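Trainee: Take this structure, written in structure tokens, and hold onto it; I'll ask about it next.
The values are calculated or read from the model by the stated rules, or taken from the named source; none is laboratory data. These numbers were taken from a predicted model, which means no experiment stands behind them. Neighbour counts are summed over all protein chains in view; Cβ atoms, including those assigned to glycine, are modelled from backbone coordinates with ideal geometry.
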Amino acid sequence: METARKDAECDILSSEALADAAECLRSIAHPTRLRILELLLQGEYTVGELAEHCDALHHVVSEHLGVMRDRGLLERERRGRCTYYRVVNPGIEGIIDCVRDSFGSREP
């Protein structure tokens, strides 16, 4: 039993890593942000396209995107008159998969 405990302690994250994880989770802990991430995991979108899919106002989606971009979860690319957003943090897909697995089977 003592050996199992020591093995488990080797897998414990540092305080710094846990603080980073908590900050990441805080930055996505909103239904609209989770929906945005779901969409962006399937491809690049403009603010207008995301607003339409999220049934939200353009400026509200822009604010959500800014929070996630500032945290380093997203990046944007300007192409002509349009700006496209995409997920750049590889861990986001796992988080969204966890949300789907945990909450996806619930009835609306």
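Trainee: Does L13 satisfy the criteria of being under 25 Å from F103 (Cβ atoms), in contact with a Phe, Trp or Tyr (Cβ under 8 Å, 6 or more places away or on another chain) and not aromatic (F, W, Y)?
Mentor: Considered against the rule, which asks whether it is under 25 Å from F103 (Cβ atoms), in contact with a Phe, Trp or Tyr (Cβ under 8 Å, 6 or more places away or on another chain) and not aromatic (F, W, Y), L13 comes out as no.
Trainee: Cβ-Cβ under 7 Å, sequence separation 6+ or interchain: first residue in region 76-88 and without any contact (Cβ under 8 Å) to a residue 12 or more places away in the chain and in a strand (DSSP E or B), partner acidic (D, E) and surrounded by 13 or more Cβ atoms within 10 Å (Cβ to Cβ). Which pairs?
Mentor: Once the first residue is without any contact (Cβ under 8 Å) to a residue 12 or more places away in the chain and in a strand (DSSP E or B) and sits in region 76-88, no partner that is acidic (D, E) and surrounded by 13 or more Cβ atoms within 10 Å (Cβ to Cβ) comes close enough.
Trainee: Can you spot a residue in region 1-9 that is in contact with a helix residue (DSSP H, G or I) (Cβ under 9 Å, 6 or more places away or on another chain) and at pLDDT below 95?
Mentor: Checking region 1-9: not a single residue is in contact with a helix residue (DSSP H, G or I) (Cβ under 9 Å, 6 or more places away or on another chain) and at pLDDT below 95.
Trainee: Another question, if that's okay. In a helix (DSSP H, G or I), modelled with pLDDT of 95 or more and hydroxyl-bearing (S, T, Y), is that true of T32?
Mentor: Considered against the rule, which asks whether it is in a helix (DSSP H, G or I), modelled with pLDDT of 95 or more and hydroxyl-bearing (S, T, Y), T32 comes out as yes.
Trainee: Take region 31-59 and flag every residue that is surrounded by fewer than 13 Cβ atoms within 10 Å (Cβ to Cβ) and of a type in the set (A, V, I, L, M, F, W, C).
Mentor: Listed by number, the list holds a single entry, L57.
Trainee: Give region 59-91 a look and list any residue that's in contact with a Phe, Trp or Tyr (Cβ under 7 Å, 6 or more places away or on another chain) and of a type in the set (D, E), or say none.
Mentor: E77 - this is the single residue of region 59-91 that is in contact with a Phe, Trp or Tyr (Cβ under 7 Å, 6 or more places away or on another chain) and of a type in the set (D, E).
Trainee: When you scan region 75-91, how many residues do you find that are surrounded by fewer than 15 Cβ atoms within 10 Å (Cβ to Cβ) and under 14 Å from the mean Cα position of the chain (by Cα)?
Mentor: 5
Trainee: Which residue is farthest from the chain's Cα centre (by Cα), if the candidates are limited to region 39-74 and must be among the polar types (S, T, N, Q) and in a loop (DSSP other than H, G, I, E, B)?
Mentor: It comes out as T46.
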